Amino acid sequence: EAAVTQSPRNKVTVTGGNVTLSCRQTNSHNYMYWYRQDTGHGLRLIHYSYGAGNLQIGDVPDGYKATRTTQEDFFLLLELASPSQTSLYFCASSPGQGANSDYTFGSGTRLLVI
Amino acid sequence: GDSVTQTEGLVTLTEGLPVMLNCTYQTIYSNPFLFWYVQHLNESPRLLLKSFTDNKRTEHQGFHATLHKSSSSFHLQKSSAQLSDSALYYCALGGNYNQGKLIFGQGTKLSIKP
C-alpha cells in the first residue's frame, strides 16, 4: 500500500536549535508538501516540490528550509528553531494536480520548541 | 488569491440528526477542484470525497456534497450523524494551475453527542 512515512514522531528542541524533519513516500508521486497544523489556523503550506531537486515556497515559509533529495525523500529544516514553530507537521504526497491532487498524508511530527 | 472559507469552527450535534458543514471558495479560475478531508483524533487527514463537476452529487461513506459553481460552494452533508463521525473536517480547493497544491479551509470540528 502506498505510504508516507515521517520521522521522528515527536521532537523536543531548545530555542535556537537545529531540527530536521524527514519524509519518505513510496507512492511514486511527483508532488510532496510540508504543512503545519495549528488550532485556529488549519493546515498551512510551508514548502512543496514537484520533483527531485525542485523546491517551491508555500504560504508560511519564514524560518524554514526544505530539500527534495530524491523522488521519495523530502526534508524540512529549521536552522534556528523558535517557540512559534511549535506545531504538528504533516508531510503529504500527491500524483499530480487538478483531479489528481489526492493527498496522502504521513502520520505527522509533533515538534516542541522550548 | 484563492481561498476557502469554512464558517463554523465547531458544530455540535446529537446522534441521528442531519449534518451540514459549510464550505465556500474563491478563485478566478473556471475549473476548480474541491475536496473534503477528514481527520479523526490523533490521526492524519484522509480524503473523504472530491468533485470537479458542476451540480453533480458526490457520495462516499454516507457523506455527500455537490459542487455549485454559481454559488462557489461545496457543502458536506450526511442524513444521520453517528458518534464515529466526530472529527475535524477540512474543505480544500485545487486546480490544474497551481502545481498540485491544495488550499485548505480552517477546518470544522464536528462533535456528535449521544
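Scanning segment B:75-88 turns up no residue that is within 12 Å of chain A (Cβ to nearest Cβ) and in contact with a Pro (Cβ under 7 Å, 6 or more places away or on another chain).
Checking each residue in segment A:1-32 for being closer than 16 Å to residue A:105 by Cβ, in a loop (DSSP other than H, G, I, E, B) and among the hydroxyl-bearing types (Ser, Thr, Tyr) picks out only A:26. Among the numbered conditions (1) over 18 Å from residue B:100 (Cα atoms); (2) in contact with a Phe, Trp or Tyr (Cβ under 7 Å, 6 or more places away or on another chain); (3) not aliphatic (A, V, I, L, M), the only one that residue A:33 does not meet is (1). Scanning segment B:103-114 for residues that are within 13 Å of the chain's Cα centre (by Cα) and over 19 Å from residue B:7 (Cβ atoms) turns up nothing.
Taken together, the residues in segment B:58-102 that are open to solvent by 50 Å² or more (accessible area, probe 1.4 Å), charged (D, E, K, R) and within 21 Å of residue B:17 (Cβ to Cβ) amount to 1.
Residues in segment B:54-62: is at least one within 16 Å of residue B:16 (Cα to Cα) and out of contact with any Asp or Glu (no Cβ under 7 Å at 6 or more places or on another chain)? So far as segment B:54-62 goes, yes, one or more of its residues are within 16 Å of residue B:16 (Cα to Cα) and out of contact with any Asp or Glu (no Cβ under 7 Å at 6 or more places or on another chain).
No other residue among B:19, B:4 is surrounded by 17 or more Cβ atoms within 10 Å (Cβ to Cβ) and within 26 Å of residue A:109 (Cα to Cα) apart from B:4. The residue of segment B:103-114 that is farthest from residue B:35 (Cα to Cα), among those that are more than 14 Å from every other protein chain (Cβ to nearest Cβ) and open to solvent by 10 Å² or more (accessible area, probe 1.4 Å), is B:114. Only residues that are open to solvent by 70 Å² or more (accessible area, probe 1.4 Å) and out of contact with any Phe, Trp or Tyr (no Cβ under 6 Å at 6 or more places or on another chain) were counted in segment B:47-57, giving 3. How many residues, within segment B:59-114, are assigned to a loop (DSSP other than H, G, I, E, B), at pLDDT 95 or above and of a type in the set (A, V, I, L, M)? Within segment B:59-114, residues that are assigned to a loop (DSSP other than H, G, I, E, B), at pLDDT 95 or above and of a type in the set (A, V, I, L, M) number 2.
A count restricted to segment B:23-38 and to residues that are within 15 Å of the chain's Cα centre (by Cα) and exposed (fewer than 14 other Cβ atoms within 10 Å of the Cβ) stands at 1. Among strands (runs of 3 or more DSSP E) entirely within segment A:36-114, having at least 2 residues that are within 11 Å of chain B (Cβ to nearest Cβ), free of Cβ contacts under 8 Å to residues at least 24 places away in the same chain and surrounded by fewer than 19 Cβ atoms within 10 Å (Cβ to Cβ) singles out no element at all.
Of all the criteria given as (1) within 18 Å of residue A:104 (Cα to Cα); (2) assigned to a strand (DSSP E or B); (3) more than 11 Å from the chain's Cα centre (by Cα), the one not satisfied by residue B:41 is (2).
The values are calculated or read from the model by the stated rules, or taken from the named source; none is laboratory data. None of these values were measured; they are calculated from a predicted model. Note that we place each Cβ from the backbone using ideal geometry, even for glycine, and neighbour counts take in every protein chain shown. Side chains are part of the model used for accessible areas, which takes the heavy atoms of the whole protein and leaves out ligands, DNA and RNA. Shrake-Rupley method; radii C 1.70, N 1.55, O 1.52, S 1.80 Å.
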